[in-house]
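The values are calculated or read from the model by the stated rules, or taken from the named source; none is laboratory data. These numbers were taken from a predicted model, which means no experiment stands behind them. We place every Cβ from the backbone using ideal geometry, glycine too, and count neighbours over all the protein chains shown.
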Amino acid sequence: MTKKPYKLEQHGKIILLEFNSYTSMCKTLLRPQEYWEHPDFMGETFTVEDYVDYIRVAEQKEFKFNDWAGACMPGEIFEPFFNRVGKFKKWTKEEKILLNDLKQFRDEKYFLVATKKGDTPTLVHEVAHAQFHLSPVYRKRVKSILKELKPEYKRVMSNSLRKDHYYAPFRYTDELHAYLIDGIDKYIPMCSYKISKEMKKECRKVGKKLRDNFWNNKVDL
């Protein structure tokens with residue numbers, strides 16, 4: 001029997017995967033993650049080699065399979081894999097292990113979150129995404145809080161999400177809220193745009209409200 005590189009737990013509509021390493025997580029979830037949210041791969045089937053070649057050209061670097069601390073996506077993203085659509089017809093060995101586990105949930109609505117075992121800050125970030133996706137009440141409150149952030153500050157962070165992290169536009173609001181829950185000081189090293197003292201102050205204030213909202217509505221894992 002093949003040893004699984006993760007522990008799987010179901011918490012209501014959230015499927016949690018705690019991996020033994022960031023590398024095993026990335027190798028397992030690379031294609032479904034980027035199929036969901038990468039602006040150049042979203043909705044397209046592709047091989048791992050296609051993605052590695054893209055990074056080599058677009059970013060002028062070799063892709064490392066430990067670049068991610070976490071991952072998340074809705075369950076329906078796996079349907080093209082189950083249906084073996086296009087280049088998803090052939091599964092990697094890591095994907096095969098996961099898909100065999102997930103087939104029992106195909107008739108359910110769920111949101112998958114993943115990180116390395118013991119990485120609590122990243123787990124909070126990914127569960128915030130799950131809450132945003134699954135709970136209309138939580139999502140409405142997040143959008144209301146984010147209205148307190150000046151439009152120019154939102155533009156800076158949205159531009160960073162596009163340039164520095166390659167998120168598709170539909171992900172900006174959700175990612176913005178999760179990064180502000182993490183804290184603006186943690187986000188600054190990942191941002192290639194200048195963040196002023198005034199912006200930091202406002203982001204800290206909005207981030208606190210988002211964190212309070214998260215912990216008041218969190219899912220127990």
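A search for C-beta distances below 6 Å between a residue of segment 193-221 that is in a helix (DSSP H, G or I) and any residue that is at pLDDT 90 or above and of a type in the set (Asp, Glu), counting only pairs 6+ apart in sequence or on different chains, returns VAL206/GLU148. Being within 17 Å of the chain's Cα centre (by Cα) and among the charged types (D, E, K, R) is the requirement here; does ASP212 meet it? No; evaluated as a whole, the condition is false for this residue.
Looking only at residues of segment 102-118 that are surrounded by fewer than 18 Cβ atoms within 10 Å (Cβ to Cβ) and not basic (Lys, Arg), we find that the one that is farthest from ILE77 (Cα to Cα) is GLY118.
The criterion of at least 2 residues that are in contact with a helix residue (DSSP H, G or I) (Cβ under 8 Å, 6 or more places away or on another chain) and without any contact (Cβ under 8 Å) to a residue 60 or more places away in the chain is met, among helices (runs of 4 or more DSSP H) falling completely within segment 73-192, by 79-82, 120-134, 136-146, 151-163, 172-182, 184-187. Only residues that are in a helix (DSSP H, G or I) and free of Cβ contacts under 8 Å to residues at least 24 places away in the same chain were counted across segment 13-68, and they come to 10. Out of TYR166, TYR193, TYR172, TYR187, I need the residue that is surrounded by fewer than 20 Cβ atoms within 10 Å (Cβ to Cβ) and in contact with a Leu (Cβ under 6 Å, 6 or more places away or on another chain). Which one? The conditions single out TYR172. Against the numbered list (1) surrounded by 15 or more Cβ atoms within 10 Å (Cβ to Cβ); (2) within 18 Å of GLY70 (Cα to Cα), GLU202 comes up short only at (2).
For every residue, the table says whether it meets (1) of a type in the set (Val, Ile, Thr); (2) more than 25 Å from ILE55 (Cα to Cα); (3) touching a Ser or Thr at 6+ places or on another chain (Cβ under 7 Å); (4) modelled with pLDDT under 90.
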site: VAL113; (1), (2), (3), (4): yes, no, no, no
site: VAL124; (1), (2), (3), (4): yes, yes, no, no
site: HIS133; (1), (2), (3), (4): no, yes, no, no
site: PRO136; (1), (2), (3), (4): no, yes, no, no
site: VAL142; (1), (2), (3), (4): yes, yes, no, no
site: PRO151; (1), (2), (3), (4): no, yes, no, no
site: TYR167; (1), (2), (3), (4): no, no, no, yes
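Among the criteria (1) within 18 Å of the chain's Cα centre (by Cα); (2) surrounded by fewer than 16 Cβ atoms within 10 Å (Cβ to Cβ), the one THR92 does not fulfil is (1).
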